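Below is one structure, written out as structure tokens; comments come after it.
The values are calculated or read from the model by the stated rules, or taken from the named source; none is laboratory data. Nothing here was measured: the structure is a model prediction, and the numbers come from that model. A quick note on method: Cβ atoms are made from the backbone with ideal geometry, for glycine too, and the neighbour counts reach across all protein chains shown.
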Amino acid sequence: GMSSNVSVLSEIAIYTLEEELPLRAVFQKIQTKEKGGKTSVKHKEDKLSLEEYFFEVLPNYDEDKVYVSDIKKVIQWYNILHDHGITDFTETSADTDKADEEE
């Protein structure tokens, strides 16, 4: 039988040099950089272009832990969400409730 590995986007974080930044916050940084539009690079661009773009979005990302494949996914997911009109990346009350439960 086939199996699928599914992750909830709200549970994914990106390593920075100081902390793990929730994907929602990374999407907010992309959205700010792109003035609400789609990314100026495509997820299939070369390694150097993707790393340069991500450095502009998140200058303190941990280059040892965040791979080009991760950057590709973040860009691809952001653009897919944007295409479907999902552009509110602010913290929801469900996220806040979950964080309160974990403390």
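With the structure loaded, tell me whether residue 43 is assigned to a helix (DSSP H, G or I) and at pLDDT 95 or above or whether it fails that test. I'd like the intermediate steps shown before the answer.
Details: assigned to a helix (DSSP H, G or I): no; at pLDDT 95 or above: yes.
No; evaluated as a whole, the condition is false for this residue.
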| note | Within the range 49-69, restricting to residues that are touching a Ser or Thr at 6+ places or on another chain (Cβ under 9 Å) and aliphatic (A, V, I, L, M), the one that is farthest from residue 31 (Cα to Cα) is 66
| If you check 64, 70, which single one turns out to be free of Cβ contacts under 8 Å to residues at least 60 places away in the same chain, surrounded by fewer than 17 Cβ atoms within 10 Å (Cβ to Cβ) and part of a helix (DSSP H, G or I)? | 70
| field | Conditions (1) at pLDDT 95 or above; (2) part of a loop (DSSP other than H, G, I, E, B); (3) surrounded by 12 or more Cβ atoms within 10 Å (Cβ to Cβ); number of the one not met by residue 91 | value | (1)
| remark: residue 97: passes all of (1) of a type in the set (Asp, Glu); (2) assigned to a helix (DSSP H, G or I); (3) modelled with pLDDT of 95 or more but (3)
| message | Contact list please: Cβ distance under 7 Å, first residue in the range 30-56 and under 11 Å from residue 71 (Cα atoms), second residue of a type in the set (Lys, Arg) and crowded, with 16+ Cβ neighbours inside 10 Å, pairs at least six apart or on different chains. | response | 43/72; 50/72
| field | Residue list for the range 14-39, filter: exposed (fewer than 12 other Cβ atoms within 10 Å of the Cβ) and of a type in the set (S, T, N, Q) | value | 32
